[in-house]
C-alpha cells in the first residue's frame, strides 16, 4: 500500500483535457427558450393512434430517447387531451376511431394544433378512403402540419412540431 501511495505522490493527478463545448447544448437551450417565448411553458402533446401500423409510433417514441431528448427542450407527452396543446395523429382514420378522434380534438383546449404523421395520416396511404377507413386525418379534423414518410424520421417529426408552434397563425 505504501508503494502505491508513493507512486501516486510522484506522478500526481493525471486527467484528460476538458472536452470541447457541445453545440447541441446551445441549440437545445435556444429551442427551449423559443418554446418558452411562444407558449410561456412546456409544450404538451397528446398522441392519437387512429389506426396505424405502429411504424410512426416507433419513430415518435424515438423522440424520447437520449439522442433526441425532447423532454430536455420542454416538449412532453401527456395522457389527457385536456392537458394538451397539440395532437400528433398517426395512421389512416379507421371508421371505429373517427368519433374518438373528433372527441379528442374537441376535448383539447384552444388554441390547439394538429400534426398528421406519416403517409397514412397525410393522404390515407395505401388504405385511402373506403368502407373501413375515413382516409387522411384532415378528412376528420383540421390539420396544421402534415409530415409525409413511411415512417418519417424523428428529425422530420420534431421539425413539424416546431413548425406548427412557430407558424404566424399560432403566435
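How far, in degrees from 0 to 90, does helix 23-39 lean away from the longest principal axis of the Cα atoms of the chain, to the nearest 10?
So the helix axis and the longest Cα principal axis differ by about 40 degrees.
If we count other beta carbons within 10 Å of each Cβ, what is the order of 153, 48, fewest first?
So the residues, fewest neighbours to most, are 153, 48.
Multiply the residue gap between residue 71 and residue 150 by 0.36 nm, knock off their C-alpha separation, and tell me the result in nm, one decimal place.
26.0 nm
Report Rg(Cα)/(2.2 N^0.38 Å) for the stretch 43-170, keeping two decimals.
The reported ratio for this selection is 0.97.
How far is helix 154-166 tilted, in degrees, relative to the longest principal axis of the Cα atoms in the chain, given as a value from 0 to 90 rounded to the nearest 10?
Helix 154-166 and the main axis of the chain meet at about 70 degrees.
Report, in whole Å, the centroid distance computed from the Cα atoms of the stretch 150-165 and the stretch 48-73.
Using only Cα atoms to place each centre, the spacing works out to 10 Å.
Testing the spin-label approximation: label points 7 Å from Cα along Cα→Cβ at residue 54 and residue 131. State their distance in nm.
According to this spin-label approximation, the distance is 2.8 nm.
Using Cα atoms only, what is the angle between the long axis of helix 95-107 and the major principal axis of the chain, expressed in degrees (0 to 90) to the nearest 10?
Helix 95-107 sits at roughly 70 degrees to that axis.
Every number in this text was worked out from the coordinates using simple rules, so none of it is lab data. This one's a predicted model, so the numbers in the text were calculated from it and none came from an experiment. Cβ coordinates were reconstructed from backbone atoms using ideal geometry, including for glycine residues, and neighbour counts include every protein chain displayed.
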